[in-house]
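The values are calculated or read from the model by the stated rules, or taken from the named source; none is laboratory data. A quick note: this is a predicted structure, and the numbers were derived from the prediction, not measured. Cβ: placed from backbone, ideal geometry, glycine included. Neighbour counts: every protein chain shown.
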Amino acid sequence: MNLTPFGQKVRELRIQARVRLNAMAEAIGYSEAYLSAVETGRKPVNDELLEKTIEYFSATNSNFNKDDLVRAADESKSAINVEKLEDLEKGVLGAFARKLPGVTDQVRLEILDRLNKVLEDVS
């Protein structure tokens with residue numbers, strides 16, 4: 001099982017609090033399957049889930065540090081599980097990654113903007 005940084009942190013907090021995944025999922029209004037998928041990176045961490053998770057652990061753990069969970073969520077949002085990609089997708093990603101170190105931040109932002117526009121058009 002390959003946990004995301006957010007998934008690892010949530011699992012640690014649940015184990016410390018002796019809370020099962022299904023109990024936490026019910027308490028924050030998500031299905032157990034969805035929460036499990038987020039922990040393992042099959043679904044992305046969204047802002048609503050992050051806020052509900054922060055509220056949940058703030059209420060159940062006096063030593064809870066929300067900054068650690070926010071940091072883990074940010075890391076998970078930027079992580080890419082390349083194992084799930086098709087060969088062509090891996091090739092595109094690899095070609096892009098090889099060229100990226102020589103590109104300025106301005107060009108990176110332009111590429112990201114163009115890519116987002118293209119992806120909006122195909123969605």
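Considering every residue within segment 82-102, establish whether at least one is under 23 Å from Asp47 (Cβ atoms), β-branched (Val, Ile, Thr) and at pLDDT below 85. So far as segment 82-102 goes, no, none of its residues is under 23 Å from Asp47 (Cβ atoms), β-branched (Val, Ile, Thr) and at pLDDT below 85.
Does Ala33 count as part of a helix (DSSP H, G or I) and surrounded by 15 or more Cβ atoms within 10 Å (Cβ to Cβ)? In short, no.
Cβ-Cβ distances below 6 Å connect the following pairs, each with a first residue in segment 45-60 that is closer than 15 Å to Pro5 by Cα, a second residue that is small (Gly, Ala, Ser) and surrounded by 13 or more Cβ atoms within 10 Å (Cβ to Cβ), and a separation of six or more residues or different chains: Val45/Ala73; Val45/Ser76; Leu50/Ala73.
Looking only at residues of segment 1-23 that are of a type in the set (A, V, I, L, M) and within 25 Å of Lys84 (Cβ to Cβ), we find that the one that is surrounded by the most Cβ atoms within 10 Å (Cβ to Cβ) is Val10. Those helices (runs of 4 or more DSSP H) of segment 50-123 in which 1 or more residues are within 20 Å of the chain's Cα centre (by Cα) and surrounded by 12 or more Cβ atoms within 10 Å (Cβ to Cβ) occupy 66-78, 87-99. Within segment 1-30, the residues that satisfy the criterion of being of a type in the set (S, T, N, Q) and either within 15 Å of Val70 (Cβ to Cβ) or part of a helix (DSSP H, G or I) (or both) are Thr4, Gln8, Gln16, Asn22.
Residues in segment 36-49 that are in a loop (DSSP other than H, G, I, E, B) and either among the basic types (Lys, Arg) or under 14 Å from Asp74 (Cα atoms) (or both): Gly41, Arg42, Lys43, Pro44, Val45, Asn46. Here is the figure for segment 48-81: residues that are more than 24 Å from Gln16 (Cβ to Cβ) and either modelled with pLDDT of 90 or more or among the β-branched types (Val, Ile, Thr) (or both) total 1.
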